[in-house]
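Working notes for the structure below.
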Amino acid sequence: MRDFYHNLITQKSWQSLKDLQKNYQFILIGDWAVFLYTETLKSKDIDLVMEYGGLERLREEFEVFKNERLKKYEARKEEAEIDIYVPFYSNPGLPAEDLRKFPVFLKGFKTVEKEILAILKQKALMARTNSPKGRKDLADLVSLFSLDDFDWQKYQKIILENKLGNFLVTIREIIRKTRELNEIGLNVHRFARFKKKILPAL
């Protein structure tokens, strides 16, 4: 198994995340949230859901830019890169305000249920399938799907309630076409076994 990013970069990102945790309230999503569940691939990117009050406080410490195209805010300070999703504006896969309904406290961080995280990862993957970040998204998604306690019934229910059936069709096709994910220890043989187990659930 190998990381996508140099260890020094991921260490700095992790430290930035821990520093944020001391001073701000947020819901952790994205790559680092997946890492809390799977302990597979580390990240350089930090993705948060934050209330507007927290965002205003963040402006005192970071340069903050509004990304109207992607409906999120981007905070920068030295090497730290943080994407911030806010209620009633952002939709990282589900409306940001809805993510408050699925809280999980994991290893000191507030995040969301793994099934919700998988749906968010699917949207990210669909937006950048044929790119290095898309490959990372796929590895993260497969890592979540591989968890023994992943609740497929809950996952399917939320997909249907939010009319996201297109997510399933696209992800099923991406997984079907993929031959291996050596980044998370799935060679051709192991990935074939994974597909045989997972594709019926999708």
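Every number in this text was worked out from the coordinates using simple rules, so none of it is lab data. These figures come from a predicted structure and were not determined experimentally. All Cβ positions, even for glycine, are placed from backbone atoms using ideal geometry, and neighbour counts span all protein chains on display.
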(request) Quantify how much of the Cα-Cα distance distribution of the chain extends past 22 Å, in percent. (result) 47 percent
(request) Would you work out the relative contact order for the chain, in percent, from Cα pairs under 8 angstrom that are 6 or more residues apart? (result) 18 percent
(message) Counting other C-beta atoms within 10 Å, and keeping those with at most 12, which DSSP coil GluC sites (Glu not before Pro) do you find in the stretch 55-111?
(response) Glu60, Glu68, Glu78, Glu79
(request) Starting at the first residue of the stretch 107-115, write each ³J(HN,Hα) from the Karplus equation 6.51 cos²θ - 1.76 cosθ + 1.60 with θ = phi - 60°, in whole Hz, x for Gly and Pro. (result) 6, x, 10, 8, 9, 10, 4, 4, 5
(message) Helix 188-198 against the longest principal axis of the chain: what's the angle in degrees, Cα atoms only, rounded to the nearest 10?
(response) 80 degrees
(request) Determine ³J(HN,Hα), in whole Hz, for all residues of the stretch 17-24 in sequence, where each value follows from phi through the Karplus function 6.51 cos²θ - 1.76 cosθ + 1.60 and θ = phi - 60°; x replaces Gly and Pro. (result) 5, 5, 5, 4, 4, 6, 10, 9
(message) Loop-only chymotrypsin sites (Phe, Trp or Tyr not before Pro) in the stretch 34-121, please: DSSP not H, G, I, E or B, and at most 15 other Cβ atoms within 10 Å.
(response) Phe88, Tyr89
(message) Quick one: 3J(HN,Hα) in Hz for the stretch 70-77, Karplus 6.51/-1.76/1.60 with θ = phi - 60°, rounded, Gly and Pro as x.
(response) 9, 6, 8, 10, 10, 10, 9, 7
(request) Return, ordered by residue number, the residues of the stretch 130-147 whose backbone nitrogen is under 18 Å from a label point located 7 Å along Cα→Cβ of Leu36. (result) 140-141, 143-145, 147
(request) Just the number, please: percent antiparallel of the DSSP beta bridges in the stretch 1-123, rounded to the nearest 5. (result) 80 percent
(request) Would you calculate, for the chain, the mean residue ellipticity at 222 nm contributed by helices, counting each DSSP H stretch of 4 or more residues as -39,500 (n - 2.57) and dividing by all residues, to the nearest 500? (result) -14500 deg cm²/dmol
(request) Using 0.36 nm per residue of separation minus the Cα-Cα distance, give me the extension gain between Glu78 and Asn130 in nm, one decimal. (result) 15.9 nm
(message) I need the trypsin sites (Lys or Arg not before Pro) found in the stretch 2-36, filtered to DSSP loop residues with at most 11 other beta carbons within 10 Å of theirs.
(response) Arg2
